[in-house]
Amino acid sequence: MTDEVHFTIERDDNVGRYAVAKEKLNAGDIIFSEEPFAYGPKSDSACLCLGCHNLVDCTVLCSKCSWPVCGSDCENLSCHKNYECEIFSKANIKFQAVEDPSDVCLQYECITPLRVLLIKEKNPQRWEEEIQLMESHNDIRKQKPIWEFNQHNIVEYLRGPCKLDRFSEDLIHSVCGILEINAFEARNPSGYSTVRCLFPKLAILSHNCISNIHHAIDVKGNGNSNDYRVIVRAAVGIPKGGQLYSSYTYSLWPTLVRREFLRESKFFDCKCERCSDKTELGTHCGTLKCNKCDNGIIMSTNPLDDTCEWKCTHCEFKTNAVAVRKVFAAIQAEIDAVDYTTGPGGIEKREAIYRKYRSVLHPKNSYMSILRSALTQLYGKSDEYTLEDLPDIILERKVELCNQLLEVLNVIEPGRSRIRGITLYELHGPLMVLAKHQYLNDVITKEFFRNDLKKAIDVLGEAVQILKQEPENSPEGQLGNMAETAYKQLLDNIDMLVESA
């Protein structure tokens, strides 16, 4: 993988450092790739192996430091062996047994900050050039509960029992802040999101709620510095000198929720074009329906003021942002409650939530899109809901869900985004099956059938373009490989498909 960088760094007194494209970039072009400065367990982690970072039951411990690993291979991986293992062994700091390894284990809070501190000693030049310049916002964080939490669980632990008083309290707090504000989550080799990585170049990119880049983290799982290498591509065409934007938040959330998250976790108020627009650029991700009149919708009077009034466009009804936020929180809680429910039950529960709130939320509201995203991936794959089992009315439902979701994604995640690629993949199947059913029932002619098949294959081809840029060992990369094989077979055999239908 090339280390060539296709951006330059500029500075502004108001926004600090930011990145602009060196030359014109096309969608899919690699802008840069980089190894993490450090990586390790994310905050609020459950028990995991300190070598490969897979979840563990804590029955196997490192023979040197007595902290959880999968076995001897993992305890000898450099990310553990050359860092916390040496410190814990020397200070005789052993892992304390826990009742439920799947619960949050506070003993892991110190691991990633400790690795950053030790790498700072091993590579002081990179620290000074890349990490020291990152924001830690200690002045703000001192007023937050997280400061006392870190003081007790990380600072005092490292300087006390671990005998690392060579690191000052201020430095450790700064490292904690740098990680909290700048680190990116990554999956471990098994596909669970248990790791956070510190990417200096990626951290330079400014935030925007509509990103124009796409990043994917390629997980090797060898315990070396090239594990978790990030590859950053242009999601859309970017002109020479155009600023590069990453999104620090979940794009499907409404403005009220995104801005709250950014304020609490990144310590700034986003004022991007999407956040500044009452309609969220026509997507209406935060809009509600008015139940006091027939055609009214309820929107914020000032989306950059999280305490302002929300008013109906057709009648006198008004409410406030606090009340709207409570509605959003209640809906999110219901969605979270079924997050791990799959199969027919997962479909039925999500459809029930969808029906419950369609009279409350605008059709394009974020929570309708979140439900659509889940449903598009469940219909056609669950028992009793395979594509072959689905009646036309449900196939049409899946097509409708995909198209409605894509309408929103075209604005908030334009170009080659992961969720767009998955949604296009989910769309092509029901399009093909519906076309076949219509042809067999003499609803369409053979020529229309061929055209409809070609359209579905083109949708799959676009999905392949996007998903093939994902790392091969990721679920999306594996889906991309499968989609590419299917795409080639369908192109080669379209005549046979038409004639044999």
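The values are calculated or read from the model by the stated rules, or taken from the named source; none is laboratory data. This one's a predicted model, so the numbers in the text were calculated from it and none came from an experiment. Using ideal geometry, Cβ is built from the backbone for each residue, glycine included, and neighbour counts are taken over all protein chains shown.
Here are a few things to note about the model shown:
- Among residues that are assigned to a strand (DSSP E or B), touching a residue at least 60 places away in the same chain (Cβ under 8 Å) and charged (D, E, K, R), residue 17 is included.
- Unique match (being on the phi > 0 side of the Ramachandran plot, modelled with pLDDT of 95 or more and not aliphatic (A, V, I, L, M)) among 26, 92: 92
- Qualifying residue in region 108-118 (condition: acidic (Asp, Glu), surrounded by fewer than 20 Cβ atoms within 10 Å (Cβ to Cβ) and either assigned by TED's automatic domain parsing to the domain that holds residue 52 or out of contact with any Asp or Glu (no Cβ under 7 Å at 6 or more places or on another chain) (or both)): no
- Residue in region 478-487 that is surrounded by 14 or more Cβ atoms within 10 Å (Cβ to Cβ), in contact (Cβ under 8 Å) with a residue 40 or more places away in the chain and in contact with an Asp or Glu (Cβ under 6 Å, 6 or more places away or on another chain) present: yes
- Helices (runs of 4 or more DSSP H) wholly inside region 119-227 that include at least 3 residues being under 20 Å from residue 7 (Cα atoms) and of a type outside the set (Ser, Thr, Tyr): 200-204
- Inter-residue pairs, beta-carbon under 9 Å, first touching a residue at least 40 places away in the same chain (Cβ under 8 Å) and within 15 Å of residue 47 (Cβ to Cβ) and in region 66-84, second among the aromatic types (Phe, Trp, Tyr) and surrounded by 18 or more Cβ atoms within 10 Å (Cβ to Cβ), 6+ apart: 80/67
- Residue match in region 228-240 (condition: in contact with a helix residue (DSSP H, G or I) (Cβ under 8 Å, 6 or more places away or on another chain), farther than 30 Å from residue 322 by Cβ and either basic (Lys, Arg) or crowded, with 19+ Cβ neighbours inside 10 Å (or both)): yes
Matching residues to (1) touching a Ser or Thr at 6+ places or on another chain (Cβ under 6 Å); (2) acidic (Asp, Glu):
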position	(1), (2)
413	yes, yes
432	no, no
467	no, no
486	no, no
490	no, no
495	no, yes
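- In summary, helices (runs of 4 or more DSSP H) completely within region 314-399 and bearing 3 or more residues that are basic (Lys, Arg) and free of Cβ contacts under 8 Å to residues at least 24 places away in the same chain occur at 343-357.
- Residue count for region 48-62, restricted to those that are touching a residue at least 40 places away in the same chain (Cβ under 8 Å), crowded, with 23+ Cβ neighbours inside 10 Å and in a loop (DSSP other than H, G, I, E, B): 4
- Matching residues, region 438-459, being touching a residue at least 24 places away in the same chain (Cβ under 8 Å) and either of a type in the set (Lys, Arg) or surrounded by 13 or more Cβ atoms within 10 Å (Cβ to Cβ) (or both): 439, 446, 449, 450, 453, 454, 455, 456, 457, 459
- Residue that is at pLDDT 95 or above, assigned by TED's automatic domain parsing to the domain that holds residue 336 and not acidic (Asp, Glu), where the choices are 375, 401, 406: 375
- Filter pass, residue 191 being closer than 23 Å to residue 466 by Cα, assigned by TED's automatic domain parsing to the domain that holds residue 145 and at pLDDT 95 or above: no
- Any hit, region 91-98, residues being part of a helix (DSSP H, G or I) and either within 30 Å of residue 34 (Cα to Cα) or touching a residue at least 60 places away in the same chain (Cβ under 8 Å) (or both): yes
- Of all residues in region 261-296, those satisfying the criterion of being surrounded by 17 or more Cβ atoms within 10 Å (Cβ to Cβ) and in a helix (DSSP H, G or I) are 262, 274, 275.
- Qualifying residue in region 63-84 (condition: assigned by TED's automatic domain parsing to the domain that holds residue 161, assigned to a strand (DSSP E or B) and farther than 24 Å from residue 161 by Cβ): no
- Every pair of residues 6+ apart whose Cβ atoms lie under 6 Å, when the first sits in region 425-437 and is within 12 Å of residue 392 (Cα to Cα) while the second is modelled with pLDDT of 95 or more and β-branched (Val, Ile, Thr): 430/399
- The listed residue being in contact with an Asp or Glu (Cβ under 8 Å, 6 or more places away or on another chain) and within 24 Å of residue 391 (Cα to Cα), out of 433, 498: 433
- Selection status of residue 341, outside the structural domain of residue 425 (by TED's automatic domain parsing), polar (S, T, N, Q) and farther than 30 Å from residue 278 by Cβ: yes
- Of the residues making up region 460-475, those that are buried (at least 20 other Cβ atoms within 10 Å of the Cβ) and assigned to a helix (DSSP H, G or I) are 460, 463, 464, 466, 467.
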